[in-house]
């Protein structure tokens with residue numbers, strides 16, 4: 001599998017302390033990789049480094065064959081932050097059309113309709129973002145990311161605050177995008193989402209505890225679920 005992301009010996013320092021130390025991993029094209037771990041463990045910093053908006057102290061981050069943050073990646077990589085990146089005083093449709101125009105798409109309106117449908121917001125397309133619930137705003141932001149058909153999607157806690165049905169539907173969407181060839185790096189602190197990923201990166205205190213498939217992780221640790229596997233790996237590390 002060809003890699004969409006290659007991170008080699010990444011180091012990030014902030015405020016006089018090391019946030020990420022010597023981190024290395026890959027994300028393959030057509031793969032959904034989950035970046036899981038407790039809040040404050042460095043997940044958002046990893047996502048930002050891959051997006052090319054994080055100052056790094058060392059190492060290399062290569063995205064689609066180019067250094068992270070290269071100008072020619074802007075219409076090939078989509079980054080969805082934890083806080084929705086949409087204008088509250090515009091409708092959902094106006095937001096997504098605006099982003100499609102910024103990307104220079106030939107049919108901005110048509111592209112916006114497809115992206116809005118993908119996140120199941122068609123019935124809310126003409127509502128001002130300010131009037132939406134938190135989960136709906138998050139989906140509007142995701143629609144904006146999808147409008148350009150990105151080759152790499154970086155999703156920072158995309159399902160936080162969503163009900164179980166919406167979470168399930170979004171994960172199904174993520175896998176459809178991967179089946180079409182996109183690569184996805186999805187961060188979450190919800191351990192039960194681990195089983196929905198093709199591969200897992202378990203992160204704690206800026207270090208990788210594991211890089212494995214969900215089944216491989218359970219086999220290695222003898223745990224019944226991802227949370228148990230995570231705790232087992234923490235205990236193994238502390239006993240060394």
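Every number in this text was worked out from the coordinates using simple rules, so none of it is lab data. Computed from a predicted model, the values in this text were never measured in an experiment. Cβ atoms come from the backbone with ideal geometry, glycine included; neighbour counts cover every protein chain shown.
With a requirement of 2 or more residues that are touching a residue at least 40 places away in the same chain (Cβ under 8 Å), closer than 30 Å to residue 232 by Cβ and touching a helix residue (DSSP H, G or I) at 6+ places or on another chain (Cβ under 8 Å), the strands (runs of 3 or more DSSP E) lying completely within the stretch 1-118 that satisfy it span 3-14, 17-28, 32-36. If you go through the stretch 64-89 and keep only what is more than 20 Å from residue 104 (Cβ to Cβ) and more than 14 Å from the chain's Cα centre (by Cα), you end up with 65, 67, 68, 88, 89. Flag: residue 144 matches the condition of being touching a helix residue (DSSP H, G or I) at 6+ places or on another chain (Cβ under 7 Å), crowded, with 20+ Cβ neighbours inside 10 Å and in a helix (DSSP H, G or I).
Taking residue 168 as the residue in question, decide whether it is closer than 26 Å to residue 6 by Cβ and surrounded by fewer than 22 Cβ atoms within 10 Å (Cβ to Cβ). Answer is no for this residue. Report yes if some residue within the stretch 232-240 is in contact with a strand residue (DSSP E or B) (Cβ under 6 Å, 6 or more places away or on another chain), within 22 Å of residue 45 (Cβ to Cβ), buried (at least 17 other Cβ atoms within 10 Å of the Cβ) and in contact (Cβ under 8 Å) with a residue 60 or more places away in the chain; otherwise report no. Among the residues of the stretch 232-240, not one is in contact with a strand residue (DSSP E or B) (Cβ under 6 Å, 6 or more places away or on another chain), within 22 Å of residue 45 (Cβ to Cβ), buried (at least 17 other Cβ atoms within 10 Å of the Cβ) and in contact (Cβ under 8 Å) with a residue 60 or more places away in the chain, which makes the answer no.
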